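Participant: My structure is below; once you've seen it, I'll send some questions.
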Amino acid sequence: MMLLATLALMACGGRTGEWTLVWEDNFDDGVLDTTVWSRTTRGTSDWQNTQSDDPRCLELRDGHLVLRGIVNDNPDDPADFLTGGVWTMDRKPLQPGRIEVRARLHKAQGAWPAIWTMGFDRHANPWPKGGEIDIMERLNGDSIAYQTVHSYWTYHVNKNRSTPVHGGKGTIDPDGWNVYGVDIDPDSLVFRINGTPTFTYHRIDSLADKGQYPFFCTQYLLIDMQLGGAWVGRVEPADLPVEMEIDWVRNWVRTDLVNEEKVGKRKK
């Protein structure tokens, strides 16, 4: 059915006003919607070098998407571990506005779950020109989440990444459910955890031609369990398997910019 859900935003941080929910996935059907999602693929970077389509790494359970990291027992696969992830790349563009994900992260030494976006038009604007918005990264069993911005500006021009500061962090319930979000506005990114603003990254007009703020565009969303890498460090096999659970994903836009889509019933 057509859902005309709206949200009045009165909190400080970002713009106030009314928002409309244009798309959500609650994972209630027991199957992954393949018109929206596909499995992340193996690659060479730290986040991607254990990604696998092994069915044990992804499950729809009790209305949640479950992504799992396990010890690899396949002698034909050289990776020490296998991890699950999904993305909307080339299938579902999320609109600039508010993107939120409700997730519960389980603990393990070497676990590095992440929720992030990149510019949907990746062929015309390949990374990092299309930008990367890290809505949530959590290391091991920490009680904080990192929220970071990457772009051509941060990687190739302003390599010390201090003009403006390109990341922040916020406190989470390390064992419970948390809502991770970002507001993508024409002039800023406002990161949130459980509705509270945590970090704002501003557009600087004088740097527009240097790739400093490519973010006000459609995005594709990535959600993945990761294990190991230079940042998180070693993995403890005795801690595995480890899971991240996703309750829902929502995409809001400002009501005066709404492009309505069919969405399902909301979870509380």
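Participant: Filter the range 87-102 for residues that are surrounded by fewer than 20 Cβ atoms within 10 Å (Cβ to Cβ) and at positive phi and give the result.
Facilitator: 90
Participant: Quick check on residue 216: is it in a loop (DSSP other than H, G, I, E, B), surrounded by fewer than 22 Cβ atoms within 10 Å (Cβ to Cβ) and of a type in the set (Phe, Trp, Tyr)? So that I can check it myself, show each step before the final result.
Facilitator: On the way: in a loop (DSSP other than H, G, I, E, B): yes; surrounded by fewer than 22 Cβ atoms within 10 Å (Cβ to Cβ): yes; of a type in the set (Phe, Trp, Tyr): yes.
Yes: the conditions hold for residue 216.
Participant: Mind listing just one residue for me: the one in the range 146-181 that is aliphatic (A, V, I, L, M) and in a strand (DSSP E or B) and, of those, farthest from residue 245 (Cα to Cα)? Spell out the reasoning first.
Facilitator: Applying the first criterion (aliphatic (A, V, I, L, M)) to the range 146-181 yields 149, 157, 165, 172, 179.
Still in the list and also in a strand (DSSP E or B): 149, 165, 179.
Working: 149: 24, 165: 30, 179: 12 Å.
This residue is 165.
Participant: What are the residues in the range 182-213 that are closer than 20 Å to residue 244 by Cβ and part of a loop (DSSP other than H, G, I, E, B), if any? Steps first, please.
Facilitator: Pass one, the range 182-213, residues closer than 20 Å to residue 244 by Cβ: 182, 191-194, 198.
194 - this is the single residue of the range 182-213 that is closer than 20 Å to residue 244 by Cβ and part of a loop (DSSP other than H, G, I, E, B).
Participant: Scan the range 79-86 and tell me whether some residue there is at pLDDT 95 or above, surrounded by 21 or more Cβ atoms within 10 Å (Cβ to Cβ), polar (S, T, N, Q) and within 20 Å of residue 33 (Cβ to Cβ).
Facilitator: So far as the range 79-86 goes, no, none of its residues is at pLDDT 95 or above, surrounded by 21 or more Cβ atoms within 10 Å (Cβ to Cβ), polar (S, T, N, Q) and within 20 Å of residue 33 (Cβ to Cβ).
Participant: Also, quick follow-up: Cβ-Cβ below 6 Å, separation at least six or inter-chain, first residue in the range 91-115 and within 15 Å of residue 183 (Cα to Cα), second part of a loop (DSSP other than H, G, I, E, B) and of a type outside the set (Asp, Glu): which pairs?
Facilitator: Partner pairs satisfying both residue conditions: 96/216.
Participant: Another question, if that's okay. Looking only at the range 141-153, which residues are out of contact with any helix residue (DSSP H, G or I) (no Cβ under 7 Å at 6 or more places or on another chain) and touching a residue at least 24 places away in the same chain (Cβ under 8 Å)?
Facilitator: So in the range 141-153, the residues out of contact with any helix residue (DSSP H, G or I) (no Cβ under 7 Å at 6 or more places or on another chain) come out as 141-152.
Within the range 141-153, 141, 142, 143, 144, 145, 147, 149, 151, 152 qualify.
Participant: Name the residues in the range 103-119 that are assigned to a loop (DSSP other than H, G, I, E, B) and buried (at least 21 other Cβ atoms within 10 Å of the Cβ), would you?
Facilitator: In the first step, residues of the range 103-119 are kept if they are assigned to a loop (DSSP other than H, G, I, E, B); the result is 106-110, 112-113.
Those that are assigned to a loop (DSSP other than H, G, I, E, B) and buried (at least 21 other Cβ atoms within 10 Å of the Cβ): 108, 110, 112, 113.
Participant: Considering only residues that are over 21 Å from residue 99 (Cβ atoms) and in contact (Cβ under 8 Å) with a residue 60 or more places away in the chain, which ones fall in the range 205-220? Reasoning before the result, please.
Facilitator: Residues of the range 205-220 that are over 21 Å from residue 99 (Cβ atoms), as a first pass: 205-211.
Within the range 205-220, just 211 meets the criteria.
Participant: Something else now. Please enumerate the residues belonging to the range 227-265 that are part of a loop (DSSP other than H, G, I, E, B), at pLDDT 95 or above and of a type in the set (A, V, I, L, M).
Facilitator: Keep residues of the range 227-265 that are part of a loop (DSSP other than H, G, I, E, B), which gives 228-236, 240-241, 258-265.
Now restrict to residues that are at pLDDT 95 or above: 228-236, 240-241.
Passing the criteria: 230, 232, 235, 240.
Conditions tested, residue by residue: (1) surrounded by fewer than 17 Cβ atoms within 10 Å (Cβ to Cβ); (2) touching a Leu at 6+ places or on another chain (Cβ under 6 Å); (3) not in a loop (DSSP other than H, G, I, E, B).
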site: 22; (1), (2), (3): no, no, yes
site: 27; (1), (2), (3): no, yes, no
site: 35; (1), (2), (3): yes, no, no
site: 42; (1), (2), (3): yes, no, no
site: 47; (1), (2), (3): no, no, no
site: 53; (1), (2), (3): yes, no, no
site: 56; (1), (2), (3): yes, no, yes
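Participant: Would you pick out the residues in the range 154-203 that are among the hydroxyl-bearing types (Ser, Thr, Tyr) and either in contact with a Pro (Cβ under 8 Å, 6 or more places away or on another chain) or without any contact (Cβ under 8 Å) to a residue 60 or more places away in the chain (or both)?
Facilitator: Within the range 154-203, the subset among the hydroxyl-bearing types (Ser, Thr, Tyr) is 154-155, 162-163, 171, 180, 188, 196, 198, 200-201.
Those that are among the hydroxyl-bearing types (Ser, Thr, Tyr) and either in contact with a Pro (Cβ under 8 Å, 6 or more places away or on another chain) or without any contact (Cβ under 8 Å) to a residue 60 or more places away in the chain (or both): 154, 155, 162, 163, 171, 198, 201.
The values are calculated or read from the model by the stated rules, or taken from the named source; none is laboratory data. Just so it is clear, the model here is predicted, and its values are computed rather than measured. Reconstructed Cβ throughout: ideal geometry from the backbone, glycine too, with neighbour counts over all protein chains shown.
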